[in-house]
Amino acid sequence: MTSGLDLSRFHLRRIPTPEWVVQGVIHSSEIEPDQLQQLETQSNLIQELVEQTLAWALTDPEAITRFRHLHGYADGVEGEYFIGRQFIEPDPSQRGQFLVECECCLTRNDYRGLPAIYHRYTVVVAWTPAAQTGTAVFSRERAQANRLAQLDYRLVHTFDLESLPRGAKLSEHTRDPVLARWPEVLAILQNAAAEAVEDGSGSGELDDDFFPSRLAMTGEYYIDSISGDDPKKVIVMLHFLENPFMAGQTDVDYLGYDLSLDLTAYPMTYELWGSSAI
């Protein structure tokens, strides 16, 4: 098994986007209809620049050193990729220029011989339709956040103690305040979920790419378990979901996060502990 990309066999080439992939182009409402038509006409040129940028980032020695791409267990990854989601908006730093974000999904075949996502990147280019040319842009070179990595955090499936996959292991002394303040528990977990991800994750851009990556995540999360015998330290495990990386998937676990709640505090408080891949 290869540890890292085998550059002697790696040749980047685009394949059709599978039907199961989250995809589509989102345009900022600030783009005028004639500008949008221009961008759509030049989409092939834009995607050529995106591919050139991705190929450089993955294979150029200087770029590999700069971005520190570490690909473990990359057996079977030989360069096929497809484009998933895209976001286009005017570049606030240059009139007549647009920022185009492309989610590029590097693939290898799954057990059925079908393309599955090995790794996701966001490649951002600044494109000038009038000149039909553009340049790569990196996260540390612009003020605004990556649009494709912005998440809307939503609790799913687990709205009561009975629905938790691993249940509620609470002493009677702790269970009563949990039930009495359950709406507050759900509200504070929403805040904790957003803080846990935003404070310690990468955007998926070439120079901001590490685990956990918001680009892979849906924003949905559920409560896996809740436990404790002390109301001052109720332990909660949250699970965050990711977008499908192969056909037939739903509700894919991606990230686990532990935190504790103090149910004796008014208002209730929480302490984040740490994350883990699941």
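Tell me the residue from P183, P177, P165 that is over 30 Å from P92 (Cβ atoms), modelled with pLDDT of 95 or more and part of a loop (DSSP other than H, G, I, E, B), please. Break it down stepwise before answering.
On the way: P183 fails: part of a loop (DSSP other than H, G, I, E, B); P177 fails: part of a loop (DSSP other than H, G, I, E, B).
Just a single option satisfies the conditions, and that option is P165.
Kindly indicate which of A130, A126 is without any contact (Cβ under 8 Å) to a residue 60 or more places away in the chain, open to solvent by 20 Å² or more (accessible area, probe 1.4 Å) and not in a helix (DSSP H, G or I).
Unique residue meeting the criteria: A130.
Only one of (1) open to solvent by 40 Å² or more (accessible area, probe 1.4 Å); (2) in contact (Cβ under 8 Å) with a residue 40 or more places away in the chain; (3) more than 25 Å from D91 (Cα to Cα); (4) in a helix (DSSP H, G or I) is not met by D75, so which one is it?
The number of the failed condition is (4).
For segment 240-248, indicate whether the set of residues that are closer than 27 Å to V21 by Cα, aromatic (F, W, Y), outside any strand (DSSP E or B) and in contact with a Gly (Cβ under 6 Å, 6 or more places away or on another chain) is non-empty. Before the answer, list the steps.
If we filter segment 240-248 for residues that are closer than 27 Å to V21 by Cα, which is where we start, we get 240-248.
After this cut, where a residue has to be aromatic (F, W, Y) as well, the list is 240, 245.
Now drop any that are not outside any strand (DSSP E or B), which leaves 245.
Of the ones still in play, those that are also in contact with a Gly (Cβ under 6 Å, 6 or more places away or on another chain) are none.
No, because not a single residue in segment 240-248 is closer than 27 Å to V21 by Cα, aromatic (F, W, Y), outside any strand (DSSP E or B) and in contact with a Gly (Cβ under 6 Å, 6 or more places away or on another chain).
What pairs can you find where one residue is in segment 45-61 and farther than 10 Å from A136 by Cα, the other is polar (S, T, N, Q), and their Cβ atoms are less than 7 Å apart, with a gap of 6+ or different chains?
L45/Q132
Given the criterion surrounded by 13 or more Cβ atoms within 10 Å (Cβ to Cβ) and acidic (D, E), identify the matching residue among E141, E162, E103.
E103
Identify all residues within segment 258-273 that are of a type outside the set (A, V, I, L, M) and in contact with a strand residue (DSSP E or B) (Cβ under 6 Å, 6 or more places away or on another chain); write none if there are none. Reasoning before the result, please.
To start, the set of residues in segment 258-273 that are of a type outside the set (A, V, I, L, M) comprises 258, 260, 262, 264, 266-267, 269-271, 273.
Hits for segment 258-273 are D258, S260, D262, T269, Y270, E271, W273.
The values are calculated or read from the model by the stated rules, or taken from the named source; none is laboratory data. Remember, predicted model here, so these are calculated numbers, not experimental data. Neighbour counts are summed over all protein chains in view; Cβ atoms, including those assigned to glycine, are modelled from backbone coordinates with ideal geometry. Side chains included, ligands, DNA and RNA excluded: accessible areas come from the protein's heavy atoms. Shrake-Rupley method; radii C 1.70, N 1.55, O 1.52, S 1.80 Å.
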